[in-house]
Amino acid sequence: LFAATFGCALQLYRFSAQKTKLSPPVASILIIGITAVITGLQFIFPEVLAQFRRNREALLMGEWWRMVTPLFVQALGWPQACVNGVTAVILCPLAERLYGKRLLALYFIPGVLGEIFGYLWNPNFAGSSLGIAGVMGGLFAFAFLHRPNISKSARVFAVFGAAAAIAMCFSRDTHGPPVLIGVLLAACWLPSHRSARINLSEALHAE
């Protein structure tokens, strides 16, 4: 999944470099900044991780925020924080170039819905990777549905990435569902194949 993601992202970065005007990645900074602060606090105050991570019993007792807060802490500590942090820094600004502030929906909707599967398959874990998985799905959708404008290799990576996500669902890996949710969510925003070339050409040269 990660090989397909970064291969696709590299091609999409080349495509997005054609834009004549790039806005500051405000949504990306917001997501990465808040996650970094809360993750950092868990290393100073261990109770932050205990209060934010998945806890099925606590959720059933009414701690509804545990459907969201696991996205802001890292159960495996520094190694997980570094991997997820670097991945978010690479993928979130790219997705924001392509989708604008809808990145927030692309991150949090699959991330929160992915927590449902997290509570079923891995009920005591936590990590921002479920939100990042939704962003991955959005990149796959963009590469595939804009195939008149995107390189063939990006489309191949996107197909392999989506196939890997399906396989992960069957193996009860919590990252599979949010990737597919991200694909479906992004597909609802993207133009049809026929109008994609015109719409993207206009967007790339917009002032």
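Structural remarks
- Measuring max minus min along each principal axis, the C-alpha atoms of the range 12-86 give extents of 51, 25, 17 Å (largest first).
- Computed with a 1.4 Å probe over protein heavy atoms only, the accessible surface of the range 77-142 comes to 32 Å² per residue.
- The chain - mean residue ellipticity at 222 nm from DSSP helices (-39,500 (n - 2.57) per run, n ≥ 4, rounded to 500): -23500 deg cm²/dmol
- Largest first, the residues 189, 78 sort by 1.4 Å accessible area into 78, 189.
- Using the Cβ-Cβ distance between residue 189 and residue 45 with R0 set to 45 Å, the FRET efficiency works out to roughly 0.70.
- Placing +1 on each Lys and Arg Cβ and -1 on each Asp and Glu Cβ, with no other charges, gives the chain a dipole about its Cα centre of roughly 660 debye.
- Note on residue 17 and residue 90: the extension gain reaches 24.9 nm, defined as 0.36 nm multiplied by sequence separation minus the Cα-Cα distance.
- Globularity ratio of the chain, using Cα Rg and 2.2 N^0.38 Å: 1.03
- Most positive-pole-ward Cα, 61, 182, 149, against dipole of the chain from beta carbon charges: 149
- Probe 1.4 Å, all protein chains present, accessible-area order of 136, 67, largest first: 67, 136
- Mean sequence separation of contacting Cα pairs (under 8 Å, at least six apart), scaled by the length of the chain, corresponds to a relative contact order of 28 percent.
- Sorting 142, 2, 117 on solvent-accessible area from highest to lowest, probe radius 1.4 Å, gives 2, 117, 142.
The values are calculated or read from the model by the stated rules, or taken from the named source; none is laboratory data. It should be emphasised that the depicted structure is a prediction, and the values quoted were computed from it without experimental measurement. Quick reminder, even Gly has a Cβ in these numbers, built from the backbone with ideal geometry, and neighbours come from all protein chains shown. Calculation scope for accessible area: heavy atoms of the full protein, side chains included, ligands and nucleic acids excluded. Shrake-Rupley method; radii C 1.70, N 1.55, O 1.52, S 1.80 Å.
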